[in-house]
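Colleague: Got a structure here, written out as structure tokens. Questions coming.
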Amino acid sequence: KVYLPNIIFKMVKTPNLQSNQVAFRVPPSCNKFDIHSYLTNIYNVTVQEVRTMNYGTVHKKGRNGKIGVSETAYKKAIVTISEPFSFPKDPEWCALEREQNKVGSKMAGRKTKGWR
């Protein structure tokens, strides 16, 4: 039998980190030891240091006066690894979609300006 964890680590691009550091969004229940063992056992990465920061839930008031949750609580973990890491380049189809969205938003902006 193979036992896989049921927690999700989301890798986040952060431009101000060093080349051997990677940022993750993890559930608030994970601690530094869990993060270290998860990365070493599943991905065979040698982890040197783990730093964590907790972010609380963001509540915003809607138009109807009710308070809703716009962002749930999460924990950000900055992991220092032994070898440098770089994100892979975006595929070509992502660049095409971005260009199409720019053209579409320009056209929509022109429609909303109305008569001059």
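The values are calculated or read from the model by the stated rules, or taken from the named source; none is laboratory data. Not measured: the values here are computed from a predicted model. For neighbour counting, all protein chains shown are included, and Cβ atoms are generated from backbone atoms with ideal geometry for every residue, glycine included. The protein model used for the area step is the full one, side chains on, heavy atoms only, and it has no ligands, DNA or RNA in it. Shrake-Rupley method; radii C 1.70, N 1.55, O 1.52, S 1.80 Å.
Colleague: Using θ = phi - 60° and the Karplus curve 6.51 cos²θ - 1.76 cosθ + 1.60, what whole-Hz ³J(HN,Hα) does each residue of segment 13-19 get, with Gly and Pro shown as x?
Modeller: 7, 10, x, 9, 8, 6, 5
Colleague: If you don't mind, another one. Along the Cα→Cβ direction, 7 angstrom out, place labels at THR57 and ASN16. What is the inter-label distance in nm?
Modeller: Distance between the two pseudo-spin positions: 2.8 nm.
Colleague: How much of the accessible area of segment 1-93, probe 1.4 Å, is carbon plus sulfur, in whole percent?
Modeller: Numbers: 3890 of 7290 Å².
C and S fraction of accessible area: 53 percent.
Colleague: Further question: Once label points are set 7 Å from the Cα along Cα→Cβ at both VAL69 and ASN6, what is their separation, rounded to one decimal in nm?
Modeller: With each label point 7 Å from Cα toward Cβ, the separation is 1.8 nm.
Colleague: Of the peptides 63-76, 46-59, 82-95, how do they stack up when ordered by the mean number of other Cβ atoms within 10 Å, highest first? Spell out each step's value before the answer.
Modeller: Numbers: 63-76: 10.5, 46-59: 12.3, 82-95: 8.8.
In decreasing order of mean packing, 63-76, 46-59, 82-95 become 46-59, 63-76, 82-95.
Colleague: Separate question: Enumerate the calculated ³J(HN,Hα) couplings along segment 38-51 in order (Karplus 6.51 cos²θ - 1.76 cosθ + 1.60, θ = phi - 60°), each rounded to whole Hz, writing x wherever the residue is Gly or Pro.
Modeller: Each residue of segment 38-51 in turn: 4, 5, 6, 7, 8, 9, 6, 9, 8, 9, 9, 8, 10, 10 Hz.
Colleague: Put +1 on the Cβ of each Lys and Arg and -1 on the Cβ of each Asp and Glu in segment 1-101; which of HIS36, PRO88, SER19 then has its Cα farthest toward the positive end of the dipole?
Modeller: Value computed over the given set: HIS36.
Colleague: Quick one: Cα centre-to-centre distance for segment 1-24 and segment 41-84, in angstrom?
Modeller: Centre-to-centre distance over Cα atoms comes out at 11 Å.
Colleague: Right, another one. Can you work out the accessible area per residue across segment 1-101, with the rest of the protein chains kept in place, probe 1.4 Å, in square angstrom?
Modeller: Value returned for segment 1-101: 80 Å² of accessible area per residue.
Colleague: Each residue of segment 54-67 in turn: what ³J(HN,Hα) in whole Hz from Karplus with 6.51, -1.76, 1.60 and θ = phi - 60°, glycine and Pro shown as x?
Modeller: So the Karplus estimates, Gly and Pro as x, are 9, 10, x, 6, 9, 9, 10, 8, x, 5, 7, x, 7, 8 Hz.
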